[in-house]
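Trainee: Handing you this structure, nothing more for now.
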Amino acid sequence: MTSPDGAYSHVVDESAAISLAMDLMAIPGRSRQESGVAEFLRSRLLQAGVCADYIQFDTAHRRIPGGGEVGNLIIKLPGTRKGPRRLLMAHMDTVPICVGCQPVRDGDQIRSANSRTGLGGDDRAGVAVVMTAVLELIRQGLSHPPLTLFFPVQEEIGLYGARFVSTQKLGSPKYCFNWDGSAPQFVNIGATGDYGMEIEIQGLASHAGVHPERGVNAIVIAAMAIADLTENGWHGLIQKGHHRGTSNVGIISAGEATNVVTPLLTLRAEARSHDPVFRKKIVEAYRKAFEKAARRVKSSEGATGSVKFSAELKYESFRLDPASPVVSLASKAISSLGLTPELCIGNGGLDANWMAVHGFPTVTLGCGQQEIHTIRESLHVPSFLQGCRIALLLASGQVDC
Ligand SMILES: [Zn+2]
């Protein structure tokens with residue numbers, strides 16, 4: 001599938017791609033409420049002539065804690081020629097700040113005309129990239145290997161769609177590409193792992209004016225533990241020898257009155273590191289700091305508080321070999337457009353983290369997102385269109401190992 005001069009064919013109908021992205025961004029669809037987006041995608045694919053039997057939903061939403069309107073949308077297209085199956089993906093949900101978005105074009109940018117909302121380019125731009133690639137394959141009659149389109153739900157609230165996907169429905173793809181990022185030359189090949197911690201401190205209530213000495217204040221225990229973690233370099237940016245990580249106390253709730261020595265506090269924190277062993281060390285440092293603080297705060301009768309500590313892995317880190325075929329395919333597609341591919345590692349979680357756990361190494365590519373999760377969010381149109389061309393090159397199999 002090359003043009004007469006031997007160059008790759010990566011032409012996309014630009015105005016169709018842009019209006020598809022804008023139509024998608026206008027659909028409300030925060031996490032757990034993706035059915036409008038899914039229905040829109042299904043009807044566009046049917047309109048383009050995709051056989052209804054190829055389009056299915058899985059049952060991820062029944063396994064995800066907290067449920068959801070729909071499962072993941074998965075489309076399995078047979079190849080028009082032989083070759084390893086390729087998977088193209090982008091998550092359907094947006095963060096709540098994007099609900100009510102009114103996308104408008106302003107030169108090279110798309111923004112929301114509603115100044116109180118974000119745009120939802122994260123990740124409707126990615127969804128539009130994947131859709132454009134397939135719609136262009138059909139429109140231009142390009143041949144292609146077997147393809148899976150995977151549109152996960154609930155990325156923003158914990159990578160749930162990718163985590164709970166019915167993996168057998170994906171059809172054993174060999175090369176997987178996820179669009180969820182900014183510049184089109186970026187190839188994300190790794191991301192950090194994240195532990196969520198929940199800490200409950202039980203103190204002892206007493207009258208704060210009459211007999212404060214008889215109580216054990218749960219807030220004091222937390223304060224001492226957090227001060228200890230901060231002084232010893234376990235809070236915020238963590239650097240111990242050649243080990244790196246981060247941690248953050250994000251949420252504290254406690255207390256109902258100033259005249260009561262506060263008996264109960266709950267706290268939520270996180271710990272991240274690319275290194276799973278070091279990440280566990282951070283979690284251990286938290287546990288020890290809170291237990292130590294609980295032993296140190298005593299009532300006049302010698303009573304102490306207690307700590308209930310739980311930690312849950314939200315997602316594991318992953319790192320693809322820069323020399324692996326999926327990375328070199330993505331790099332080749334990017335180079336063929338005259339861009340210089342830049343391999344990078346992320347410090348946030350991606351659906352690709354769970355794809356790696358399921359045995360489907362996935363690179364994540366840019367699609368023009370800017371200032372995501374804010375009301376200043378915009379989509380950089382030229383970058384988005386480059387993303388569409390890269391996706392078309394990868395979906396058609398024009399770039400090969
Ligand atoms: Zn995203």
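Quick note: the coordinates plus some simple rules give every number you see, no bench work behind them. Just so it is clear, the structure is predicted and the values come from calculations on it, not from any experiment. Don't worry about glycine lacking a Cβ; one is built from the backbone with ideal geometry, like all the others, and counts go over all protein chains shown.
Trainee: Under a Cβ-Cβ cut-off of 9 Å, what is the net charge of the residues other than Phe309 that fall near it, where Lys and Arg count +1 and Asp and Glu count -1?
Mentor: On the way: positive: Arg287, Lys308; negative: Glu198, Glu200, Glu291.
Result for the local shell: -1.
Trainee: How high is the FRET efficiency from His358 to Ser143, r the C-beta distance, R0 25 Å, rounded to 0.05?
Mentor: Values: r = 28 Å, r/R0 = 1.13.
Here the calculated transfer efficiency is 0.30.
Trainee: Applying the Karplus parametrisation 6.51 cos²θ - 1.76 cosθ + 1.60 with θ = phi - 60° to the phi angles of region 118-132, what ³J(HN,Hα) value in whole Hz is obtained for each residue in order, glycine and proline being reported as x?
Mentor: Using θ = phi - 60°, the values come out as x, 9, x, x, 8, 9, 5, 4, x, 4, 5, 4, 5, 5, 4 Hz.
Trainee: Just to be sure I understand: with springs between alpha-carbon atoms less than 10 Å apart, which residue in Gly250, Gly67, Gly359 has the highest mean-square fluctuation in the Gaussian network model of the chain?
Mentor: Among Gly250, Gly67, Gly359, the largest mean-square fluctuation in the Gaussian network model of the chain belongs to Gly250.
Trainee: Which of Ser378, Ser317, Ser143 ends up with the largest GNM mean-square fluctuation for the chain, with Cα atoms connected below 10 Å?
Mentor: Greatest mean-square fluctuation among the candidates belongs to Ser143.
Trainee: Gain in length, Gln202 to Cys51, computed as 0.36 nm per residue apart minus the alpha-carbon separation, to one decimal in nm? List each step's numbers first, then the result.
Mentor: Numbers: separation 151, 0.36 × 151 = 54.36 nm, distance 5.86 nm.
Additional length available on full extension: 48.5 nm.
Trainee: Let me check against my output: what whole-number percent is the relative contact order of the chain, with C-alpha pairs under 8 Å and at least 6 apart?
Mentor: On the way: 978 pairs, mean separation 94.2, N = 401.
That works out to 23 percent.
Trainee: Order of His373, His235, His211 from fewest to most other C-beta atoms within 10 Å?
Mentor: Numbers: His373 15, His235 23, His211 12.
Going from sparsest to densest Cβ surroundings: His211, His373, His235.
Trainee: Moving on to the next point. Which lysines have a Cα lying under 29 Å from the Cα of Lys332, excluding residues fewer than 8 positions away in the same chain?
Mentor: Lys76, Lys82, Lys169, Lys174
Trainee: Note the angle between two axes, namely the Cα long axis of helix 35-47 and the longest principal axis of the Cα atoms of the chain, as a number of degrees from 0 to 90, rounded to the nearest 10.
Mentor: The angle comes out near 10 degrees.
Trainee: Roughly what would the spin-label model give for Glu14 and Val260, points 7 Å off Cα along C-beta, in nm?
Mentor: Result for the modelled spin labels: 6.4 nm.
Trainee: I'd like the distance between the alpha-carbon centres of region 374-401 and region 176-212, rounded to an integer number of Å.
Mentor: The two parts, judged by their Cα centres, are 31 Å apart.
Trainee: Compute the relative contact order of region 193-315 as a whole-number percentage, counting only Cα pairs closer than 8 Å that sit 6 or more residues apart in sequence. Could you put the intermediate results ahead of the total?
Mentor: Numbers: 275 pairs, mean separation 51.2, N = 123.
Once normalised by length, the contact order is 42 percent.
Trainee: Looking only at Gly338, Gly36, Gly305, which one moves most when the chain is put into a Gaussian network model with springs between Cα atoms under 10 Å?
Mentor: Between Gly338, Gly36, Gly305, it is Gly338 that shows the largest mean-square fluctuation.
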